[in-house]
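Have a look at the structure below before the remarks.
The values are calculated or read from the model by the stated rules, or taken from the named source; none is laboratory data. Because the structure is predicted, anything quoted here is derived from the model rather than measured. Using ideal geometry, Cβ is built from the backbone for each residue, glycine included, and neighbour counts are taken over all protein chains shown. Heavy atoms of the whole protein, side chains included, go into the accessibility calculation; ligands, DNA and RNA do not. Shrake-Rupley method; radii C 1.70, N 1.55, O 1.52, S 1.80 Å.
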Amino acid sequence: MPHRIAGLSLEQERLYRHLLATGPTSIHVLEGQFGREVYASLYELTVRGLVHGNPLMARRPSVAMNGVLMAQAAELQRIQSYVEELDHIYETGHPPEGVTR
């Protein structure tokens with residue numbers, strides 16, 4: 001299964017991928033291809049910083065999603081620190097064999 005951008009609907013993801021592949025596109029062309037619901041999808045993509053301009057174009061993913069990547073990396077580091085703390089507690093309560101408390 002391909003990766004997805006968290007929080008985007010399948011339609012929003014499809015539209016973003018389309019703009020990545022095709023480059024700047026007028027909203028009228030997009031409406032012809034995606035229907036009237038394209039406006040709500042474009043709004044969400046614009047709010048998230050994935051789409052901008054007139055004609056509309058997708059931002060480079062590495063730039064548009066840098067904040068998300070940094071936040072997830074920080075969360076991963078927080079979880080790793082927590083697991084290390086729990087391991088320390090475990091090791092304190094479970095000394096190696098042959099060692100008495």
- Query: Within region 1-19, can you find the residues that are open to solvent by 80 Å² or more (accessible area, probe 1.4 Å), in a helix (DSSP H, G or I) and within 18 Å of R60 (Cα to Cα)?
  - Reply: R14, R17
- Subset of region 20-49 (residues that are of a type in the set (G, A, S) and in a loop (DSSP other than H, G, I, E, B)): G23, S26, G35, G49
- Note on the structure: Within region 20-36, the residues that are small (G, A, S) and open to solvent by less than 40 Å² (accessible area, probe 1.4 Å) are G23, G35
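Take G67 and decide whether it is among the small types (G, A, S), open to solvent by less than 60 Å² (accessible area, probe 1.4 Å) and part of a loop (DSSP other than H, G, I, E, B). Break it down stepwise before answering.
Working: among the small types (G, A, S): yes; open to solvent by less than 60 Å² (accessible area, probe 1.4 Å): yes; part of a loop (DSSP other than H, G, I, E, B): no.
No; evaluated as a whole, the condition is false for this residue.
Regarding E91, is this residue out of contact with any Cys (no Cβ under 8 Å at 6 or more places or on another chain), open to solvent by 60 Å² or more (accessible area, probe 1.4 Å) and not in a helix (DSSP H, G or I)? Can you show your working first?
Numbers: out of contact with any Cys (no Cβ under 8 Å at 6 or more places or on another chain): yes; open to solvent by 60 Å² or more (accessible area, probe 1.4 Å): yes; not in a helix (DSSP H, G or I): no.
So E91 fails the test.
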- Message: When you scan region 77-85, do you find a residue that is of a type in the set (K, R), open to solvent by 60 Å² or more (accessible area, probe 1.4 Å), free of Cβ contacts under 8 Å to residues at least 40 places away in the same chain and not in a helix (DSSP H, G or I), even just one?
- Response: no
